[in-house]
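Engineer: Quick one: the structure is below, questions incoming.
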Amino acid sequence: MRLHLFNPENDLALALGCRHYTPPPHAVAIHNAGALLPMWWAEEGDRVIAPEIMQTEASRLARRFGLNGVIAGDVCGATSLSPWGWSLDAKRQFLRAGVDGGILPDDTSIERIRQLSHRRMSVEILTRLDSDNPIAIETTDPNVVVEAERNNPGCYVKSPWSSSGRGVFCARSLDENALRRRAAGIIHRQGSVMVERGLDKVADFAALFHSDGHRVCFRGLSLFSTETRGMYSGNIVAPQSHIESRLSEMIDPEILMTLINREEEILTELTASAYQGWMGIDMMVYNDGGRLRVMPCVELNLRMTMGVVAMKVCERLGVETPHFLAWEHKENNSLESSESLIMLPPTDGFTLRLTKI
């Protein structure tokens, strides 16, 4: 029996690297609202860690959408574990749920996953690809960040570990003293900071992969949207043929698949022996002096991703026309219409909505 855990705060827990992590209120709310989300990819006989009070909603979701997975009661029969992401905090949550410690990864294995989740992995992947795209700089000196912005105005500064774009900001928005202070704060908290030249972005997308512990295999593509500041806002839910067609309007599909095939090899070399489960490489189409190009690795997400969720939702519902999948935080978010579906019960003011485009 596989036991699932939705812990979207995991990247924040990795940043601290400690066993007892207290997430901010926003992350707690998303954790609670998405507790039943793994039902969308769970298989028959699987269980999901969620509050018992959600049992009625879990049964309703299972009946309405044909989903698998029931809320875990007795977890002693668990033989495999599937969190959103691995960290010492994820391990603690499984132990608190009653999981036998013998099937949990040891702390050394989790630390290896933590290091592979660092944003410096984008540098490693781009270097192995022999890419001529701009490559980020990792530094422990705030003055290097200031100098990078002087030389290439509009640089992006990134925390080594963060999620959904919340650890990313454009240096153009700050004067030099404020930029120096903010970079110094990231270095103090996480040991270093990443800085990279800004690109003229046309589209965000991702390549989705899965590791079985021996080999990493490409499983599909996702298209997603971000806000002006770089924060994640939602995913396109559509057949793979639609996503491939959208991308082929901008970039040569043969060039893209050549890159993805090479990334399969690189990810197998770097991660397969350390990690089992889903992962994604965020990519970008950008305008380079009038020519559209692919940035083959913006970052590696060594965990489940909303792109995978979008792909699973598409498969479960048999979606044929493009829809948009996004978290909402507002009043009256339980209302449905002919153009939208509520994918999870509204909790803590959040819900997950699928809307026809």
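Engineer: Between the alpha-carbon centers of segment 282-332 and segment 111-183, tell me the distance in whole angstrom.
Structural biologist: A separation of 22 Å, based on Cα centres.
Engineer: I would also like to ask the following. Report ³J(HN,Hα) in whole Hz for each residue of segment 37-45, in order, from the Karplus equation J = 6.51 cos²θ - 1.76 cosθ + 1.60 where θ = phi - 60°; Gly and Pro get x.
Structural biologist: 4, x, 4, 6, 10, 5, 9, 4, x
Engineer: Sticking with this one: Cut-off under 20 Å on the C-alpha distance; same-chain residues fewer than 8 positions from Lys158 excluded. Which lysines are left, in chain and number order?
Structural biologist: Lys201
Engineer: I've got another one for you. Under 8 Å for C-alpha pairs, at least 6 residues apart: give me the relative contact order for segment 135-196, rounded to a whole percent.
Structural biologist: That works out to 52 percent.
Engineer: Pull up all non-local amide H partners of Asp200: gap of 5 or more, or a different chain, and H-to-H distance under 5 Å with H placed in the peptide plane.
Structural biologist: Asn287
Engineer: OK, next. Any chance you could get the radius of gyration and Dmax over the Cα atoms of segment 2-116, in Å?
Structural biologist: In order Rg, Dmax, the Cα atoms of segment 2-116 give 14.1, 42 Å.
Engineer: May I ask for the net charge around Leu67, where only other residues with Cβ less than 15 Å from the Cβ of Leu67 are counted and Lys, Arg are +1 while Asp, Glu are -1?
Structural biologist: +2
Engineer: Something else now. What does the charge count near Leu174 come to, summing +1 for each Lys or Arg and -1 for each Asp or Glu among other residues with Cβ under 11 Å from its Cβ?
Structural biologist: That sum, taken over residues with Cβ under 11 Å, equals +1.
Engineer: Would you kindly derive the ³J(HN,Hα) couplings of segment 24-36 from the backbone phi angles with the Karplus curve 6.51 cos²θ - 1.76 cosθ + 1.60 (θ = phi - 60°), listing them in order in whole Hz, with x for Gly and Pro?
Structural biologist: Calculated HN-Hα couplings, in order: x, x, 4, 5, 4, 5, 5, 4, 5, 5, x, 3, 8 Hz.
Engineer: Per residue of segment 273-281, what does 6.51 cos²θ - 1.76 cosθ + 1.60 with θ = phi - 60° give for ³J(HN,Hα)? Whole Hz please, x for Gly and Pro, Karplus curve as stated.
Structural biologist: Each residue's phi maps through the Karplus curve to give 6, 9, 8, 10, x, 7, 7, x, 10 Hz.
Engineer: Check the straight Cα-Cα distances from Lys356 and name the lysines below 21 Å, setting aside those fewer than 8 residues away within the same chain.
Structural biologist: Lys312, Lys330
Engineer: Taking a ≥ b ≥ c as the square roots of the eigenvalues of the Cα gyration tensor of segment 229-268, is the shape rounded (a/c under 1.5), prolate (a/b larger than b/c) or oblate?
Structural biologist: oblate
None of the figures in this text is laboratory data; all of them are computed from the coordinates on show. Worth saying up front: this structure is predicted, and the values here are computed from it rather than measured. Cβ sites come from the backbone with ideal geometry, for glycine too, and all protein chains shown count toward neighbours.
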